[in-house]
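Data first, discussion second: the structure below is written as structure tokens.
The values are calculated or read from the model by the stated rules, or taken from the named source; none is laboratory data. Here the structure is a predicted model, which is why all the values come from computation and not from measurement. Cβ placement follows ideal geometry from the backbone for every residue including glycine, while neighbour counts extend to all protein chains displayed.
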Amino acid sequence: MIWDALIAPFVEFSFMRRALIGALAVGCAAAPVGVFLMLRRMSLTGDAIAHGVLPGIAVAYLLAGLSIYAMTAGGLIAGLLIAGLAGLVSRVTVQREDASLASFHLVSLALGVLIISLSGSRVDLIHVLFGSVLALDDGAVLMLAGAATITLVVLAVIYRALVLECVDPSFMRSLGGRMGMIVHHVFLALVVLSLVAGFHAMGTLMAVGIMIVPATAARFWARSIDRMVVLSVLFAALSILAGLIVSYHVDVPSGPAIILAAGLIYLLSMAFGPIGSLRALKTPAWHYKS
Amino acid sequence: MSAALEFRDVTLGYERHPAVHHLSGAVAPGELLAVVGPNGGGKSTLLKGIAGVLRPFSGEVQLEGVAQRDIAYLPQQSDVDRSFPLSVFDLVAMGHWSKTGMFGALGTDDHDAVLHALRDVGLDGFAERGINALSRGQFQRVLFARLLLQDSPMILLDEPFTALDQRTEADLIGVVQRWHEEGRTVVAVMHDLDLVRRVFPRSLLLARELVAWGKSEDVLCTENLLTARTLGAGWGDDAARCAFTGEVAA
């Protein structure tokens with residue numbers, strides 16, 4: 001019974017195995033990046049960049065069809081471009097980064113949808129927007145694993161500087177050099193990479209979900225950042241597993257199913273987590289003497 | 001351990017409006033200097049200029065005996081994200097940055113130095129606490145512990161004693177006086193003039209223009225303070241261009 005529900009789909013069908021491995025690779029790398037996005041109060045920046053990659057993917061699709069590699073390259077270029085442009089605007093004009101990103105991502109979302117509809121059918125548009133984790137081939141899985149590896153290694157390398165840049169940017173600046181700025185941009189590049197990888201598994205609209213939602217849930221369970229990172233990865237893996245199984249049995253799209261599973265974990269955490277949750281904020285029945 | 005500082009006709013500001021206007025003068029090695037003046041008088045801006053966070057419109061800040069990146073700089077408290085999940089130990093250990101950089105590990109000595117610095121600022125046993133679980137005064141002590149670790153010959157403090165209770169203030173003044181005895185150069189933005197008279201041998205009175213600079217008792221006379229107040233902190237959009245380019249009279 002449990003075997004049939006939870007294990008059999010992955011044993012019987014290789015596309016389910018590939019989906020699981022590909023999505024897990026995406027989740028393991030995206031969740032830690034999401035923790036930093038959340039702690040830097042840039043959760044919506046991830047959302048904006050996720051939409052910003054769309055025109056790149058659309059142009060690649062127009063030129064090369066449903067080629068995973070072309071679409072990855074297109075998405076990366078567009079994502080880096082939009083993150084860089086938004087950063088540049090916020091530095092050289094009075095506009096803050098969130099405002100400039102919002103404008104850029106709306107424009108590029110419109111542009112992307114327009115380009116896709118120029119040639120493709122409605123099915124293609126839905127594929128790009130919501131992903132097709134069940135259609136990953138071996139090459140795609142390898143690429144997702146590669147992107148996850150790069151993301152985790154680079155994150156480990158910049159970890160200390162990134163934490164410092166988050167907590168006390170002016171201290172970072174006083175240490176001299178452009179270290180803070182470099183770290184910020186490397187981090188943005190990781191966000192783009194994770195989102196483009198996530199796009200294959202979950203589509204542009206859902207990719208940012210696996211990044212942010214497990215991270216926000218982890219916040220209710222951990223006080224230190226390393227624990228937060230570990231928990232976010234666990235939550236992401238759990239949601240992916242649950243989402244895939246549900247989408248297999250009930251025949252719903254896998255991307256939204258995964259994000260909804262993560263959303264359920266988030267809601268439970270918000271209600272019952274030990275730190276800053278609804279339960280934790282309740283007036284205590286007793287208190288210490290000192 | 002001696003670092004000196006010289007301003008050569010320095011103008012610092014924002015959007016073409018000067019906050020520090022054509023300042024010249026020198027800070028000797030080992031000096032304990034208070035920067036005083038009205039709000040908006042350019043005190044914090046001056047520290048930013050020394051620390052290299054802000055580049056001067058014109059003129060230059062000359063450093064001797066210390067590289068700009070090695071200056072220990074304590075900005076106003078609001079710059080730190082206190083909600084970040086970090087322990088007191090980790091925050092203080094950042095003072096080791098110039099030694100460890102991005103990858104270097106903390107040795108046993110460095111580890112002990114962190115705990116030692118925490119003891120020196122009266123926070124024994126606080127190492128594992130989160131920085132979000134500290135009072136304002138405790139947090140200021142933590143930042144002082146980080147400054148201690150930076151072990152810099154030049155220390156810049158921006159309103160370090162504002163909104164602290166008397167005991168915390170006294171403890172942290174003790175730290176500053178120790179720095180002074182060790183021959184470090186300390187420049188602090190201050191508001192409490194009585195405290196300045198008691199602790200700081202020299203003062204710089206700034207109201208965008210330099211009003212007075214010298215021994216604290218001379219600088220902080222009624223006449224100078226009145227001048228500083230009338231110079232005020234205006235920021236006129238219709239202000240004329242400053243055509244001043246010449247040398248400053250001594």
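Consider A:Ala222 against the criteria (1) away from chain B (no Cβ under 14 Å); (2) modelled with pLDDT of 90 or more; (3) part of a loop (DSSP other than H, G, I, E, B): it satisfies all of them except one. Which criterion is unmet?
All conditions pass for A:Ala222, except number (1).
Does B:Phe126 fit the bill of being aromatic (Phe, Trp, Tyr) and either assigned to a helix (DSSP H, G or I) or crowded, with 20+ Cβ neighbours inside 10 Å (or both)? It would help to see each step written out before you state the result.
Values: aromatic (Phe, Trp, Tyr): yes; either assigned to a helix (DSSP H, G or I) or crowded, with 20+ Cβ neighbours inside 10 Å (or both): yes.
Yes, satisfied.
Among the residues of the stretch A:208-237, how many are farther than 17 Å from A:Leu152 by Cβ and touching a helix residue (DSSP H, G or I) at 6+ places or on another chain (Cβ under 7 Å)?
Residues flagged as farther than 17 Å from A:Leu152 by Cβ and touching a helix residue (DSSP H, G or I) at 6+ places or on another chain (Cβ under 7 Å) within the stretch A:208-237 amount to 10.
Being away from chain B (no Cβ under 14 Å), farther than 13 Å from A:Leu195 by Cβ and not small (Gly, Ala, Ser) is the filter here; which residues of the stretch A:33-65 pass it?
Passing the criteria: A:Leu44, A:Pro55, A:Val59, A:Tyr61, A:Leu62, A:Leu63.
Here are the criteria: (1) of a type outside the set (A, V, I, L, M, F, W, C); (2) in a strand (DSSP E or B); (3) modelled with pLDDT of 90 or more. Tell me which single one B:Pro18 does not satisfy.
(3)
Looking at B:Arg141, B:Arg184, can you tell me which residue is surrounded by 16 or more Cβ atoms within 10 Å (Cβ to Cβ), closer than 28 Å to A:Met179 by Cβ, outside the structural domain of B:Gly65 (by TED's automatic domain parsing) and touching a Gly at 6+ places or on another chain (Cβ under 8 Å)?
Details: B:Arg184 fails: outside the structural domain of B:Gly65 (by TED's automatic domain parsing).
Criteria check complete, one pass: B:Arg141.
Determine whether B:Val121 is within 17 Å of A:Val167 (Cβ to Cβ) and either facing another protein chain (nearest Cβ under 9 Å) or not hydroxyl-bearing (Ser, Thr, Tyr) (or both).
Details: within 17 Å of A:Val167 (Cβ to Cβ): no; either facing another protein chain (nearest Cβ under 9 Å) or not hydroxyl-bearing (Ser, Thr, Tyr) (or both): yes.
No, not satisfied.
Can you pull out every residue in the stretch A:130-156 that is surrounded by 15 or more Cβ atoms within 10 Å (Cβ to Cβ) and either within 14 Å of another protein chain (Cβ to nearest Cβ) or touching an Asp or Glu at 6+ places or on another chain (Cβ under 9 Å) (or both)?
Listed by number, the residues that qualify are A:Val154, A:Leu155.
Could you list, in sequence order, all residues of the stretch A:77-114 that are surrounded by fewer than 15 Cβ atoms within 10 Å (Cβ to Cβ), among the β-branched types (Val, Ile, Thr) and assigned to a helix (DSSP H, G or I)?
A:Val92, A:Val107
Residues in the stretch B:77-95: is at least one among the small types (Gly, Ala, Ser) and surrounded by fewer than 16 Cβ atoms within 10 Å (Cβ to Cβ)?
Start the filter on the stretch B:77-95 by keeping residues that are among the small types (Gly, Ala, Ser), which leaves B:78, B:83, B:87, B:93, B:95.
Next, only the ones that are surrounded by fewer than 16 Cβ atoms within 10 Å (Cβ to Cβ) stay: B:78, B:83.
Yes, the stretch B:77-95 contains at least one residue that is among the small types (Gly, Ala, Ser) and surrounded by fewer than 16 Cβ atoms within 10 Å (Cβ to Cβ).
In this structure, does A:Ala217 turn out to be part of a helix (DSSP H, G or I) and modelled with pLDDT of 95 or more?
yes
From the list B:Ala105, B:Ala51, B:Ala34, which one is at negative phi and away from chain A (no Cβ under 12 Å)? So that I can check it myself, show each step before the final result.
Working: B:Ala105 fails: away from chain A (no Cβ under 12 Å); B:Ala51 fails: away from chain A (no Cβ under 12 Å).
Sole residue among the options that is at negative phi and away from chain A (no Cβ under 12 Å): B:Ala34.
Within the stretch B:61-76, identify whether any single residue is within 30 Å of B:Gly125 (Cβ to Cβ) and surrounded by fewer than 18 Cβ atoms within 10 Å (Cβ to Cβ), and answer yes or no. Explain how you work it out, then say what you get.
Let us first name the residues in the stretch B:61-76 that are within 30 Å of B:Gly125 (Cβ to Cβ), namely B:72-76.
Still in the list and also surrounded by fewer than 18 Cβ atoms within 10 Å (Cβ to Cβ): B:76.
So far as the stretch B:61-76 goes, yes, one or more of its residues are within 30 Å of B:Gly125 (Cβ to Cβ) and surrounded by fewer than 18 Cβ atoms within 10 Å (Cβ to Cβ).
Just checking, how many residues over the stretch A:157-168 are at the interface with chain B (Cβ under 8 Å from one of its Cβ atoms), surrounded by 18 or more Cβ atoms within 10 Å (Cβ to Cβ) and either in contact with a strand residue (DSSP E or B) (Cβ under 9 Å, 6 or more places away or on another chain) or free of Cβ contacts under 8 Å to residues at least 24 places away in the same chain (or both)? Quick ask: steps written out before the conclusion?
As a first pass, look at the stretch A:157-168 and keep what is at the interface with chain B (Cβ under 8 Å from one of its Cβ atoms): A:157-158, A:160-161, A:163-164, A:166-168.
Now restrict to residues that are surrounded by 18 or more Cβ atoms within 10 Å (Cβ to Cβ): A:158, A:160-161, A:163-164, A:166-168.
When the remaining residues are screened for being either in contact with a strand residue (DSSP E or B) (Cβ under 9 Å, 6 or more places away or on another chain) or free of Cβ contacts under 8 Å to residues at least 24 places away in the same chain (or both), the result is A:160-161, A:164, A:167-168.
Qualifying residue count for the region: 5.
Tell me, which residue of the stretch B:56-81 that is under 22 Å from B:Ala207 (Cβ atoms) and in a loop (DSSP other than H, G, I, E, B) is farthest from the other protein chains (Cβ to nearest Cβ)?
B:Phe57
Condition check ((1) of a type in the set (Lys, Arg); (2) assigned by TED's automatic domain parsing to the domain that holds B:Arg241) across all residues:
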site	(1), (2)
B:Arg16	yes, yes
B:Ser58	no, yes
B:Thr100	no, no
B:His111	no, no
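Of the conditions (1) buried (at least 18 other Cβ atoms within 10 Å of the Cβ); (2) under 27 Å from A:Gly276 (Cβ atoms), B:Leu54 clears all except one; give me its number.
With (1) buried (at least 18 other Cβ atoms within 10 Å of the Cβ); (2) under 27 Å from A:Gly276 (Cβ atoms) applied to B:Leu54, the lone miss is (2).
Within the stretch A:217-236, identify whether any single residue is in contact with a strand residue (DSSP E or B) (Cβ under 8 Å, 6 or more places away or on another chain), in contact (Cβ under 8 Å) with a residue 24 or more places away in the chain and within 18 Å of B:Leu86 (Cα to Cα), and answer yes or no.
Our first condition is that a residue be in contact with a strand residue (DSSP E or B) (Cβ under 8 Å, 6 or more places away or on another chain); within the stretch A:217-236, this holds for A:223-224.
Now restrict to residues that are in contact (Cβ under 8 Å) with a residue 24 or more places away in the chain: A:223.
Now narrow it down to the ones that are within 18 Å of B:Leu86 (Cα to Cα): A:223.
Within the stretch A:217-236 (the criterion being in contact with a strand residue (DSSP E or B) (Cβ under 8 Å, 6 or more places away or on another chain), in contact (Cβ under 8 Å) with a residue 24 or more places away in the chain and within 18 Å of B:Leu86 (Cα to Cα)), the answer is yes, since at least one residue qualifies.
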